[in-house]
Amino acid sequence: MAWPHKDLLCVSQLSRQDAEEILRAAKSFQEINARPVKKVPILKGKSVILFFAEPSTRTKTSFDVAGKRLSADTFALTKSGSSLVKGESLKDTVLTLQAMKPDAIVMRHQASGAAKFIAERLNCSVINAGDGWHAHPTQALLDAFTLSEHWGNLDGGGLEGRNVCILGDIAHSRVARSNVVLLRLLGAKVRLCAPRTLLPTALAWDVPVYSDLDEAVRGMDAVMCLRLQLERQEAGLLPDLREYSRRYCLTAARMAKANKGALLLHPGPINRGIEIASDVADAKISLILDQVASGVDVRMALLHLYLTRKEAKEERRVAS
Ligand code: NCD
């Protein structure tokens, strides 16, 4: 199928068929990541700029690894290493980057809507690697891929009818926002668990919300624990960190109340002992490092789909 999208800004842009296409492509790239020599020439001559105005370990590195494994040239720029710190506007910075003719810009930025803002101004593909609290589509896709790997691939039922609880700092989490939409698109049933102060003021989705964690995990096939975003906290939302941990830290005893064989996800980085107990993070049911591995598979799939999109259109034109 010819990929129809120029940019990946949020998961709401994707149809179920699009999302499944990405997960299928990720599966095929997974095989390359298991080889002794993990490199194929399919994006040779393409270039990708990784522009991260916020810190990142997993997302930035895995996009870099993904690009290089497909033989694309990748160039990384951080906020502190860019002229943003000299007062250059975001618009001027990205127009400058575009003048170097990359095929895609992968961007993380602290402002919600930043990815859309630049996508409207650039001809190259823009992939949102996280914008403020708004969206983190590639994280949701890698989470869905990780779960579908454990629950049988898409053709084996995948996420259909599975119960997933998203737990923690929902208000400040772009990961939660993208996951609620994508998990439901793929047929999963989603519930949220958080204290009232860490829920968005207006909930955009019709999903059950729990404030009691023991109740929330009952009947769940997976729990997705979120990092308490200390750097995004506004004064007063969390008067007492110890109280938060007492009520919302995912412990082994709480996880045991979920369905047998229930899986644990966390996008990382984790705050051990705050939102998640150390032994749960390291337990067999924890897919935290599988998520990181899936991140490379999924980002290879995305780079391939978005960077070869025009060629698919041109080929069609030549053939007709
Ligand atoms: C997340 C992010 O930056 O949104 N991390 C990630 O990309 N793996 C989650 C977080 O920082 O809490």
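Listed values, structure above:
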{"quantity": "Net lengthening on full extension, Asp73/Lys260 (0.36 nm per residue, minus Cα-Cα)", "calculated": "62.9 nm"}
{"quantity": "Distance between modelled label sites at Glu215 and Thr57, nm, 7 Å Cα→Cβ extension", "calculated": "3.6 nm"}
{"quantity": "For segment 270-280, Karplus couplings with θ = phi - 60° (6.51, -1.76, 1.60), whole Hz, Gly/Pro x", "calculated": "9, 9, 4, x, 9, 9, 9, 6, 4, 5, 6"}
{"quantity": "Label-point separation in nm, Asp282 to Leu230, each point 7 Å along Cα→Cβ", "calculated": "2.0 nm"}
{"quantity": "Length released on extending from Lys86 to Ala99, taking residue separation times 0.36 nm less the Cα-Cα span", "calculated": "2.7 nm"}
{"quantity": "Sequence-distant lysines (8 or more away, or on other chains) whose Cα lies within less than 20 Å of Lys27", "calculated": "Lys38, Lys39, Lys68"}
{"quantity": "Within the accessible area of segment 137-291 (1.4 Å probe), percent carbon and sulfur", "calculated": "49 percent"}
{"quantity": "Solvent-accessible area of Lys116 with every protein chain in place, 1.4 Å probe, in Å² to the nearest 10", "calculated": "110 Å²"}
{"quantity": "Amide H partners (placed H, <5 Å) of Thr74, local residues excluded", "calculated": "Val48"}
{"quantity": "By average C-beta atoms within 10 angstrom, highest first, the peptides 201-214, 266-279", "calculated": "266-279, 201-214"}
{"quantity": "Förster-model FRET efficiency, 35 Å R0, Ala204 and Val37, C-beta, rounded to 0.05", "calculated": "0.20"}
{"quantity": "Reachable lysines from Lys91, criterion Cα separation under 17 angstrom, eight or more residues apart if same chain", "calculated": "Lys79, Lys101, Lys116"}
{"quantity": "Approximate spin-label separation Thr197-Thr251, in nm, with each point projected 7 Å along Cα-to-Cβ", "calculated": "2.2 nm"}
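The values are calculated or read from the model by the stated rules, or taken from the named source; none is laboratory data. All values derive from a computational prediction rather than experimental measurement. Note that we place each Cβ from the backbone using ideal geometry, even for glycine, and neighbour counts take in every protein chain shown. All accessible areas refer to the heavy atoms of the entire protein, side chains included, with ligands and DNA or RNA removed. Shrake-Rupley method; radii C 1.70, N 1.55, O 1.52, S 1.80 Å.
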